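Q: Handing you a structure now.
The values are calculated or read from the model by the stated rules, or taken from the named source; none is laboratory data. Predicted model only: the values in this text are computed from it and were never measured. Quick reminder, even Gly has a Cβ in these numbers, built from the backbone with ideal geometry, and neighbours come from all protein chains shown. We work out accessible area using only protein heavy atoms, side chains counted, and drop any ligands, DNA or RNA first. Shrake-Rupley method; radii C 1.70, N 1.55, O 1.52, S 1.80 Å.
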Amino acid sequence: MKEVGEIIAGLDIGTTKIACIIGEVTNDGIDVIGIGSHPSQGLRKGVVINIDATINSIRKAVEEAELMAGCEVNTVYAGIAGGHIQGFNSHGIVAVNNDKEVKRGDLCRVVDAARAVAIPMDRQVLHVIPQEYVIDEQDGIKEPLGMTGVRLEAKVHVVTAAVSSVENIIKCANACGLEVADIVLEQIASSESVLEEDEKELGVAVVDIGGGTTDIAIYNQGSLIHTAVLSLGGNHLTNDIAVGLRTPMKEAERIKQRFGCALTSRVSPEETIEVPSVGGRPPRVLSRQILSEIIEPRVEEIFAYVAREIKDSGCEDLIAGGVVITGGTTILDNMPQLAEEVLNVPVRRGLPRDVGGLVDVVRNPKFATGVGLVEYGSTAADRSLFEEETEGMYGRLMGRVRQWVSTMF
Ligand SMILES: Nc1ncnc2c1ncn2[C@@H]1O[C@H](COP(=O)(O)OP(=O)(O)OP(=O)(O)O)[C@@H](O)[C@H]1O
Ligand SMILES: [Mg+2]
């Protein structure tokens, strides 16, 4: 944990909005002291496609948060998503040095061994998250430091991303005068803010349904075991509503947010809504059930893809704690109920918790990633102590390879 009084900023670069959350470390945890949110115009399906538009939105969101917090932000923890993200499990084995007692150096070496998989040049490793260690024949070890053994094995979850997408995020942040302390997979950040420890222990899937992507993270026995990103989100719903009700996109978005419901059976047939038309035609009055009939199959489809992803990952029997849905799209009425029908497990809506300060504003599923980035940043010191060493060794090795290649050509 960082020191009391330290300021941590999270920058959630989403498809529909860019949110900057500023947190201050207190004795009890974190107080949110600044929030800035600005519509994002430069992203598609979670990936930056227009640098200038993204820089502009980041600048506005950060300025707003800084004004509210009354402080300046120089460093941010930035989120990343998109179809280019890949997650897989890996493992590495080393012999224990130093009198058969596991030291920090052994942990760095074994994690290095686990991450030493061939990945294409245009991809880079974002996270190497240890799941458990095995010393000699003993498995299920979470804290191996100081234990005695000869053979140390690490099981890890590795997340990789397209180098270009990572670089574009860094470029946008740098252009706004911000250093990027770390780039964090969005669903890992969201998990930090919405999950309870006992859920992670029992097994749980977090499903963050934003505007352009649906991000999944699965935990079991306290460790991250699976990650996936689906290129589907709330924007598809808005699009369906615009086409189905023959109304402009802006109006479709407003109608969705105001009157949308995921379950048609829960909407009274008497309820009506006024729908503006296109091409100067007069507005029409339609049943609210018609709106639900457009929303329901699309949401069902999203959850059907989520169910397939969980099944294909082999984690179906490992989520006894159920599913936690978060992200802006889950604000829709009756989302958890529809999710339960499709997924056949208990589902709850996840809001950022365990933070103080401007709680009323951030207790909203769309701020799960932003708040989670701050929470992730608050424990970064504990992680970096270990990661820097592995990064250092890996970096030095890569540096040497690069030098060697450049002298050859
Ligand atoms: N009240 C509401 N009812 C229904 N949907 C809503 C509501 N408020 C926001 N949304 C939808 O939530 C989506 C945005 O969610 P969120 O802010 O989590 O996405 P994002 O982080 O910008 O995108 P992504 O994570 O996909 O890159 C939009 O599609 C928006 O229409
Ligand atoms: Mg998001």
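Q: ASP240: accessible area at probe 1.4 Å, nearest 10 Å²?
A: Spelled out: ASP240, probe radius 1.4 Å, area about 40 Å².
Q: Of GLY105, GLN138, PRO120, which is farthest along the charge dipole of the range 86-162 in the positive direction, counting Lys and Arg as +1 and Asp and Glu as -1 at C-beta?
A: PRO120
Q: Whole angstrom only: what separates the Cα centroid of the range 234-298 from the Cα centroid of the range 356-381?
A: Answer, in whole Å: 32.
Q: Of all accessible surface on the chain at a 1.4 Å probe, what whole percent is carbon and sulfur? Don't jump to the answer; show the numbers that get you there.
A: Numbers: 9280 of 18770 Å².
Here carbon and sulfur together make up 49 percent of the probe-accessible area.
Q: Counting only heavy atoms of protein chains, what accessible area per residue, in Å², does the range 235-298 have with a probe of 1.4 Å?
A: On the way: 3620 Å² over 64 residues.
Value for the range 235-298: 57 Å² per residue.
Q: Work out the charge dipole of the range 86-162 with +1 on the Cβ of Lys and Arg and -1 on the Cβ of Asp and Glu about the Cα centre, then indicate which of GLY149, VAL96, ALA162 is farthest towards its positive end.
A: Farthest towards the positive pole: ALA162.
Q: Something else about it: So, R0 is 60 Å and r is the distance between the beta-carbons of GLU340 and ASN98; what FRET efficiency does that work out to, to 0.05?
A: Values: r = 52 Å, r/R0 = 0.86.
Working from the Cβ atoms, E equals 0.70.
Q: What is the local net charge at LEU332, summed over the other residues whose Cβ is closer than 15 Å to its Cβ (Lys, Arg +1; Asp, Glu -1)? Walk me through the numbers on the way to the answer.
A: Details: positive: ARG254, LYS256, ARG258, ARG266, ARG288, ARG298, ARG348, ARG349, LYS366; negative: ASP208, ASP240, GLU253, GLU293, GLU296, GLU300, GLU301, ASP333, GLU340, GLU341.
Every neighbour counted, the sum reads -1.
Q: How much solvent-accessible surface does CYS176 expose, in Å² to the nearest 10, with a 1.4 Å probe and all protein chains in place?
A: 30 Å²
Q: Going through the cross-link list LYS17/LYS250; LYS142/LYS200; LYS103/LYS142; LYS2/LYS171; LYS17/LYS45; LYS155/LYS366, which pairs have a Cα-Cα distance over 21 Å in this structure?
A: Details: LYS17/LYS250 15 Å; LYS142/LYS200 14 Å; LYS103/LYS142 14 Å; LYS2/LYS171 26 Å; LYS17/LYS45 12 Å; LYS155/LYS366 32 Å.
LYS2/LYS171; LYS155/LYS366, as the Cα separations exceed 21 Å there.
Q: A further question follows. If the only charges are +1 at each Lys and Arg Cβ and -1 at each Asp and Glu Cβ, what is the size of the charge dipole of the chain around the Cα centre, to the nearest 20 debye? List each step's numbers first, then the result.
A: Values: 38 positive and 59 negative charges, 314 e Å.
Roughly 1500 debye, rounded to the nearest 20.
Q: Go through ILE216, ILE331 and list them by solvent-accessible area, largest first, probe radius 1.4 Å. Write out the running numbers ahead of the final one.
A: Working: ILE216 0, ILE331 85 Å².
Ranked list, largest accessible area first: ILE331, ILE216.
Q: Compute the distance in nm between two label points, each set 7 Å from the Cα along the Cα-to-Cβ direction, one at ARG254 and one at ASN239.
A: My value for the distance between the label points is 2.3 nm.
Q: For the chain, what is the Kirkwood hydrodynamic radius in Å, using each pair of distinct C-alpha atoms? Don't skip to the end; give the middle numbers.
A: Details: mean 1/r = 0.0443 Å⁻¹.
About 22.6 Å, per the Kirkwood formula over Cα pairs.
Q: What figure in square angstrom, to the nearest 10, would you give for the accessible area of HIS38 with a 1.4 Å probe?
A: Estimated to the nearest 10 Å², HIS38 gives 40 Å².
Q: Follow-up question, since we're still on this one. In whole Å, how far is the Cα centre of the range 76-134 from that of the range 1-49?
A: 26 Å
Q: Ok, one more. Please report the relative contact order for the chain, taking Cα pairs under 8 Å with a sequence separation of at least 6, and give it as a percent rounded to a whole number. Provide the component values of the computation, followed by the final result.
A: On the way: 916 pairs, mean separation 75.6, N = 409.
It comes to 18 percent, rounded to a whole number.
Q: Return the FRET efficiency for the residue pair GLU270, ILE119: r is the Cβ-Cβ distance, R0 is 51 Å, and the value is rounded to the nearest 0.05.
A: Numbers: r = 57 Å, r/R0 = 1.13.
So, using R0 = 51 Å, E works out to roughly 0.35.
Q: Output the antiparallel fraction of DSSP beta bridges having both residues in the chain, as a percent to the nearest 5.
A: Working: 60 of 79 bridges.
Taking every DSSP beta bridge with both residues in the chain, the antiparallel ones total about 75 percent.
Q: Of all the C-alpha pairs in the range 1-99, what % are more than 19 Å from each other?
A: Values: 2564 of 4851 pairs.
Every Cα pair in the range 1-99 considered, those over 19 Å come to 53 percent.
Q: Which loop GluC sites (Glu not before Pro) in the range 76-176, with loop taken from DSSP, have no more than 14 other Cβ atoms within 10 angstrom of their Cβ?
A: Values: sites: GLU101, GLU132, GLU137, GLU153, GLU167; in loops: GLU137.
Answer in residue order: GLU137.
Q: While we're on this one: Sort GLU293, GLU270, GLU251, GLU196 from largest to smallest accessible area, using a 1.4 Å probe on the heavy atoms of the protein chains. Could the numbers behind the result be given before it?
A: Working: GLU293 105, GLU270 145, GLU251 55, GLU196 75 Å².
Ranked list, largest accessible area first: GLU270, GLU293, GLU196, GLU251.
Q: What base-10 log of the normalised intensity I(q)/I(0) is obtained for the range 86-162 from the Debye formula, alpha carbons as equal point scatterers, at q = 0.15, 0.22 Å⁻¹?
A: Per q value, in the given order, log10 I(q)/I(0) is -0.49, -0.89.
Q: So if the hydrodynamic radius of the range 235-298 is defined as the Kirkwood radius over C-alpha pairs, what does Stokes-Einstein give as its diffusion coefficient at 20 °C and 1.002 mPa s, in µm² per second?
A: Values: Rh = 11.5 Å.
Translational D for this selection: 186 µm²/s.
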